[in-house]
Amino acid sequence: MESYSKKFHFQEIDWVICFPADGNSGKYRTYKVLLVERKNGKFSDGKQSRLGEILDCNEVEYGYPHTVGYFRTGNAQQENFKPEYLEIRGINTIEEFWAFLNAINL
């Protein structure tokens, strides 16, 4: 998990999307990322997916607005997960999420 340097916590659905330190290029939709789903104190081991597939899921697509916190350190797979956010944004559309990724130079 530590090889993933930039992480985004979708607070309302308690999902963390982790971007690897290197290896992605091109359009954000095609980036390979790790998704950790945290629900009711239980969390997945993380699964690697394309970012576009994750963002097209009903939980994200029909759950706007989302509060998204960006952080670099902290393990989303720990029960006492309390990241220190570097930035928090309200996201109302997928385009606003792309803008957030651009703003942090992903």
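Just so you know, all these numbers are worked out from the coordinates, no wet-lab data involved. It should be emphasised that the depicted structure is a prediction, and the values quoted were computed from it without experimental measurement. Glycine also receives a Cβ, built like all others from the backbone with ideal geometry; neighbour counts cover every protein chain displayed.
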*Say R0 is 25 Å: what FRET efficiency, to the nearest 0.05, do N80 and S5 get from their beta-carbon distance?*
0.70
*Taking θ as phi - 60°, what are the ³J(HN,Hα) couplings along the range 15-23 by the Karplus curve (6.51, -1.76, 1.60), each to the nearest whole Hz, with x for Gly and Pro?*
10, 10, 9, 10, 9, x, 5, 8, x
*For G52, what is the net charge nearby, where nearby means another residue's Cβ is under 10 Å from its Cβ and Lys, Arg count +1, Asp, Glu -1?*
+1
_Computed lengthening from K39 to S25, 0.36 nm per intervening residue step minus Cα-Cα distance_ = 2.0 nm
*Computed lengthening from I104 to S49, 0.36 nm per intervening residue step minus Cα-Cα distance*: 17.7 nm
*What nm value, rounded to one decimal, do you get for the distance between D56 and N92 when each label is placed 7 Å out toward the C-beta?*
2.6
*Spherically averaged projected area in nm², based on the convex hull that wraps the Cα atoms of the chain*: 6.0
